[in-house]
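Step one of this worksheet: look at the structure below.
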Amino acid sequence: MADRVTVIGWDGSPLTDAARAALGAATLVAGAAHHLALPEVPPTAERIRLGSLALAARRIAAHRGTAVVLADGDPGFFGVVRTLRAPEFGLEVEVVPAVSSVATAFARAGMPWDDAQVVVAHPRTLRRAVNVCRAHPKVAVLTAPGAGPAELGLLLEGVHRTFVICEELGTDREQVTVVTSDKAADHTWRDPNVVIVIGGPAGAGEGGGWIAGREPGAGPRGWVQPDETYGAGPGGGLGEGERELLRAAQLARLGPRVGDLVWDIGSGSGAFAAEAARAGAAVIAVDRDPAACARAEGAARRFGVQLQVVCGTAPHVLENLPEPDVVRVGGGGPAVVSAVADRRPQRIVTHAATRDAAERVGRDLTEHGYLVECALLQSVELDTRAWTETERSVAFLLSGVLPDRAP
């Protein structure tokens, strides 16, 4: 095992005395090509070009001597420190930090970033990173080859965002470019780069918040809001499938979360779509009625969340939408449920007014490979002044879970 492992963050600034001392004593140095070219790297030291971090960690663990690992920015922030400290390598590390590339990118943009979401985009996580950019007004994306500004822009089709693209921060080739998301694919961008994605309603107020990222207490308390929130009068003018208690059960079955893309088909008032967005998910609300689409946009503004609203008739309008993680089918019947199941989301939830209709939908979901549950929900609302019944509703709640994609 290496006698000593020091991880040095590098942000383009001159190395500190502690970093120079560690490098001077190193018998093994690992880093990217531009790190290994630094004049402070001893000419006699063994050099490892960082590619696979796990492979480099194994070589460091087997080394007899003093090892140094060089990394861009703060190596403890989405960096190499996590890999090196994994139990299978048994390494104890000392860290000489530097300014993170995210902090540097926001500094170049002249923007605060305590209210930003920060995500890492690799080819395997790119879709989830894009969903965060759909759902939040300020996101920093640490990119990778194959998951850079061009790919982000292509997957954000239909959603307008502004990109602040910071290339090769801390080097002589540093460049900061501002483009709209639809233009990002027209350029070739140099690695490494950080993309700040801006759009939608404002984040934290001028006075700042009390927690980094999205403030969890923003908006009214409660996973679902009273029906009256979405319209005037008892029931709020909502459709039968949008009532508060059924909506709560649908949200509970789907469990939308940060990084998910939710389809709400037959979105009606936008109640479910807005509440799924409040959970941090990206949401596409679909309805054939332009008035319903306008109501969904109004609900999004009221709660300060971001929705992509698509006006069109399902299932045809669904063909060009990006892949969903979970789907609520509020309208369209068995044909729409079947078309959704063809896209293989993790979870689907819908409702039916009769047992026969519920059985038809349940059989179709089963044939698509989903594990199906059905519950008969009955709610009775009481006027607590006289404890008399004011309204009664009954619905069959159906949910399907795809085993090979769960949870």
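The values are calculated or read from the model by the stated rules, or taken from the named source; none is laboratory data. What you see is a predicted model; the values in this text were computed from it and never measured. Quick reminder, even Gly has a Cβ in these numbers, built from the backbone with ideal geometry, and neighbours come from all protein chains shown. Surface accessibility is based on the protein's heavy atoms, side chains included, excluding ligands, DNA and RNA. Shrake-Rupley method; radii C 1.70, N 1.55, O 1.52, S 1.80 Å.
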- Listing of strands (runs of 3 or more DSSP E) fully contained in the stretch 42-127 that carry 2 or more residues being in contact with a Pro (Cβ under 9 Å, 6 or more places away or on another chain): 66-72, 93-96
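Residue check: is Ile265 closer than 18 Å to Arg161 by Cβ and either among the hydroxyl-bearing types (Ser, Thr, Tyr) or in contact (Cβ under 8 Å) with a residue 24 or more places away in the chain (or both)? Explain how you work it out, then say what you get.
Numbers: closer than 18 Å to Arg161 by Cβ: no; either among the hydroxyl-bearing types (Ser, Thr, Tyr) or in contact (Cβ under 8 Å) with a residue 24 or more places away in the chain (or both): yes.
No; evaluated as a whole, the condition is false for this residue.
So is Ile265 surrounded by 20 or more Cβ atoms within 10 Å (Cβ to Cβ) and under 16 Å from the mean Cα position of the chain (by Cα) or not?
On the way: surrounded by 20 or more Cβ atoms within 10 Å (Cβ to Cβ): yes; under 16 Å from the mean Cα position of the chain (by Cα): no.
For Ile265, the condition - surrounded by 20 or more Cβ atoms within 10 Å (Cβ to Cβ) and under 16 Å from the mean Cα position of the chain (by Cα) - is not met.
Can you say whether Ala57 is surrounded by 17 or more Cβ atoms within 10 Å (Cβ to Cβ) and either on the phi > 0 side of the Ramachandran plot or touching a strand residue (DSSP E or B) at 6+ places or on another chain (Cβ under 6 Å) (or both), as far as the supplied structure shows? Steps first, please.
Working: surrounded by 17 or more Cβ atoms within 10 Å (Cβ to Cβ): yes; either on the phi > 0 side of the Ramachandran plot or touching a strand residue (DSSP E or B) at 6+ places or on another chain (Cβ under 6 Å) (or both): no.
The answer is no for Ala57.
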- Task: Out of Ala249, Ala296, Ala276, report the one residue that is part of a helix (DSSP H, G or I) and under 16 Å from the mean Cα position of the chain (by Cα).
- Result: Ala276
- Task: Please tell me if Val96 is more than 30 Å from Arg214 (Cβ to Cβ) and in contact (Cβ under 8 Å) with a residue 12 or more places away in the chain.
- Result: yes
- Item | Matching residues in the stretch 342-378 - criterion: being open to solvent by 60 Å² or more (accessible area, probe 1.4 Å), touching an Asp or Glu at 6+ places or on another chain (Cβ under 9 Å) and not charged (D, E, K, R) | Ala353, Cys374
- For Pro42, state whether it is at pLDDT 95 or above and either among the charged types (D, E, K, R) or open to solvent by 10 Å² or more (accessible area, probe 1.4 Å) (or both). yes
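Would you confirm, using the coordinates I've provided, whether Val141 is under 17 Å from the mean Cα position of the chain (by Cα), of a type outside the set (Phe, Trp, Tyr) and at pLDDT 95 or above? Give the derivation first.
On the way: under 17 Å from the mean Cα position of the chain (by Cα): yes; of a type outside the set (Phe, Trp, Tyr): yes; at pLDDT 95 or above: yes.
The answer is yes for Val141.
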- Message: Residues that are assigned to a loop (DSSP other than H, G, I, E, B) and either at pLDDT below 95 or touching a Pro at 6+ places or on another chain (Cβ under 6 Å) (or both): does the stretch 341-351 have at least one?
- Response: yes
